[in-house]
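The values are calculated or read from the model by the stated rules, or taken from the named source; none is laboratory data. Computed from a predicted model, the values in this text were never measured in an experiment. Reconstructed Cβ throughout: ideal geometry from the backbone, glycine too, with neighbour counts over all protein chains shown. All accessible areas refer to the heavy atoms of the entire protein, side chains included, with ligands and DNA or RNA removed. Shrake-Rupley method; radii C 1.70, N 1.55, O 1.52, S 1.80 Å.
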Amino acid sequence: MATHRLIILIIGLSIILGLIIWLITSIYRLYIQIAFTSPLLANFLIFMIMGLLGLLIYGFIYYFNIFSSKDSRRYKKSRPHLKLPEQKTEAAQENLQAIRRQLDTIQDKVAQKSLLNRSQEIANNLSRGELKVVIFGTGSAGKTSLVNALLGEIVGEVQATMGTTKIGETYCLKLKGISREILITDTPGILEAGMEGSERETLARQLATEADLLLFVVDNDLRQSEYKPLQILVDLGKRSLLVFNKVDLYTEEEENQIIDQLKQKVTSIIPEKDVISLTANPQKITSQNGEIVQPLPNITPLIKRLAAVLRAEGEDLIADNILLQSQRLGEEARQLIDRQRKRQSEQIIDRYQWISAGVIAVTPLPVVDMLATAAVNAQMVMEIGQVYGCEINRERSKELALSLGKTLVSLGVVKGAIDLLGKVLQLNIATYLVGKVIQGVTAAYLTRIAGKSFVEYFRQDQDWGDGGITEVVQRQFQLSRKDEFLKAFVKDAITKVVQPLSDSWEEDTEDTKPLKHPPLQQKAVLEDDEDDW
């Protein structure tokens with residue numbers, strides 16, 4: 001209860017108490033005076049006064065309760081009780097539905113089936129609600145030994161060499177007080193040498209990204225090569241415990257020193273209480289009577305922390321992981337669709353750039369600035385828009401084409417393209433074709449810049465971005481000036497523009513040569529003429 005309300009209540013009760021005392025005294029005096037002359041009237045008056053006093057008290061209490069309940073309801077509305085797991089799982093379900101809708105637009109059937117299977121797997125995990133704990137770390141840091149100790153039985157091969165675990169193995173674990181099934185996954189080691197080591201590390205990282213809770217196992221201080229993958233996984237949202245294993249190989253002083261170093265290194269990504277030391281597979285020791293003894297694993301600190309985390313955060317961990325997986329899968333689907341759209345747009349641009357080149361080469365324009373308008377084809381704009389799911393009519397596509405054509409001229413891109421291509425092409429074509437070829441190839445070049453600019457426009461949902469159309473066109477022009485691209489472009493231009501024009505020129509030249517007969521043929525022709533005469 002707020003302080004001011006308590007003060008009001010105390011003051012109100014004090015006033016009421018004072019009034020009650022005053023009223024009792026006054027009523028008593030009044031009753032004595034009236035009772036001498038009319039006892040019945042005195043009793044009725046006392047009854048009426050007591051009723052009014054009761055109504056006054058009831059009204060005060062009623063008003064105070066109404067005020068308090070309204071304020072309480074207002075407080076509850078302002079601070080709703082959020083059920084985070086429900087919100088996250090609902091978001092994950094929406095992501096999965098969006099992914100399934102996107103799958104219809106993917107042309108690659110293999111990729112489409114893979115995404116469908118993975119989305120179904122996430123949906124199944126969502127319905128089952130299992131807690132996935134993944135053991136992750138360097139090769140032979142004791143990950144498999146830790147799994148054996150957790151389960152209380154030998155489930156994996158334990159050796160001193162790296163690369164013992166080849167594939168991810170999953171086992172079931174039950175902890176007291178946790179109703180959900182816990183799946184413990186032992187992953188291949190990271191940072192192993194060779195091609196097989198790299199492949200196993202890729203698998204381990206993939207399994208780690210699917211974890212609800214990550215146990216990152218080390219057997220010494222954390223190296224930079226180990227810290228980096230741990231940081232990446234934490235940045236992805238992976239709840240992690242850092243497990244320092246094989247502490248029996250160190251003295252107590254060394255153990256404390258390494259623990260302090262670990263806590264200091266991961267202080268920004270993992271709380272101190274989540275840095276745990278243990279011995280999953282202790283070294284054999286010799287007893288006083290000379291017998292070789294195998295000590296029991298000491299993993300109690302991990303069991304306690306694991307149980308505490310899963311009890312307190314288990315529901316959120318599952319929801320967070322499912323949401324993260326669905327978001328990552330959705331992003332993968334979007335990237336796949338984006339690459340597909342880029343390929344389709346590239347085909348459209350390639351087709352229209354050589355159409356523009358052919359038309360301009362055959363009918364050169366009197367003013368080079370007109371190349372910009374001629375190069376930006378409205379039909380190309382419409383087709384690129386359709387690839388990105390943007391249906392625009394012909395009038396709108398003409399407006400866009402005209403606007404970009406003017407931008408090409410105003411930025412000096414037309415003149416720059418002519419100068420750039422002219423220097424390259426003059427070394428590869430005959431003098432009599434220079435004018436036509438340069439205009440034709442420049443038209444193709446401008447068509448490409450325009451097409452690439454429109455790809456950016458439609459990718460951003462018909463928006464040129466903060467820098468506007470000018471910045472987009474300038475960026476595409478700079479990309480098109482790179483030597484690697486220019487060499488490939490000029491090579492294609494020679495094949496598709498220069499060579500056909502040269503062949504056509506030679507054919508026209510042959511057709512216009514005067515007819516010359518050899519001497520014998522001339523004589524025969526004359527004789528035929530005489531006969532006709």
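Please compute the length gained on full extension between R100 and C390, using 0.36 nm multiplied by the number of residues separating them and subtracting their Cα-Cα distance.
102.4 nm
With each pseudo-label sitting 7 Å past Cα toward Cβ, what's the I178-K228 distance in nm, one decimal?
Those two pseudo-labels are separated by 3.2 nm.
Pairs to check: K398/K452; K436/K491; K406/K491; K132/K246. Give those whose C-alpha atoms are more than 19 Å from each other in this structure.
Exceeds cut-off: K406/K491; K132/K246.
Given a Förster distance of 51 Å, report the FRET efficiency between E252 and D338 from their Cβ-Cβ distance, rounded to the nearest 0.05.
For E252 and D338, the calculated efficiency is 0.35.
Please report the accessible area of Y227 (heavy atoms, 1.4 Å probe, ligands and nucleic acids excluded) in Å², nearest 10.
Near enough 40 Å² of accessible area.
At 7 Å along Cα-to-Cβ for each site, give me the label-to-label distance between N298 and Q93 in nm.
4.8 nm
Using the Cα centre of the stretch 230-349 as origin and beta-carbon charges of +1 (Lys, Arg) and -1 (Asp, Glu), tell me which of I303, I269, I318 is placed farthest towards the positive end of the dipole.
Farthest towards the positive end: I318.
Just grab the label-to-label distance for L479 and Q261, each label 7 Å out from Cα along the Cβ direction, in nm (one decimal).
Between L479 and Q261, the simple spin-label model gives 4.7 nm.
Please give the residues of the stretch 197-216, grouped as numeric ranges, whose backbone N is less than 19 Å from a label point set 7 Å along the Cα-to-Cβ vector of A312.
From the stretch 197-216, the list is 212-216.
Would you mind checking K109/K228; K109/K482; K143/K284 for any pair whose Cα atoms are more than 27 angstrom apart?
K109/K228; K109/K482
Report the percentage of all Cα-Cα pairs in the stretch 92-157 whose separation exceeds 13 Å, rounded to a whole percent.
73 percent
Given a Förster distance of 41 Å, report the FRET efficiency between K423 and Q107 from their Cβ-Cβ distance, rounded to the nearest 0.05.
Once rounded, the FRET efficiency stands at 0.50.
Once you have the Cα-Cα distance between S287 and S410, take 0.36 nm times their residue separation minus that, and quote the gain in nm to one decimal.
Between S287 and S410, full extension yields 35.2 nm more.
What is the distance in Å between the Cα centres of the stretch 262-337 and the stretch 110-140?
Taking the Cα centre of the stretch 110-140 as reference, the centre of the stretch 262-337 is 19 Å away.
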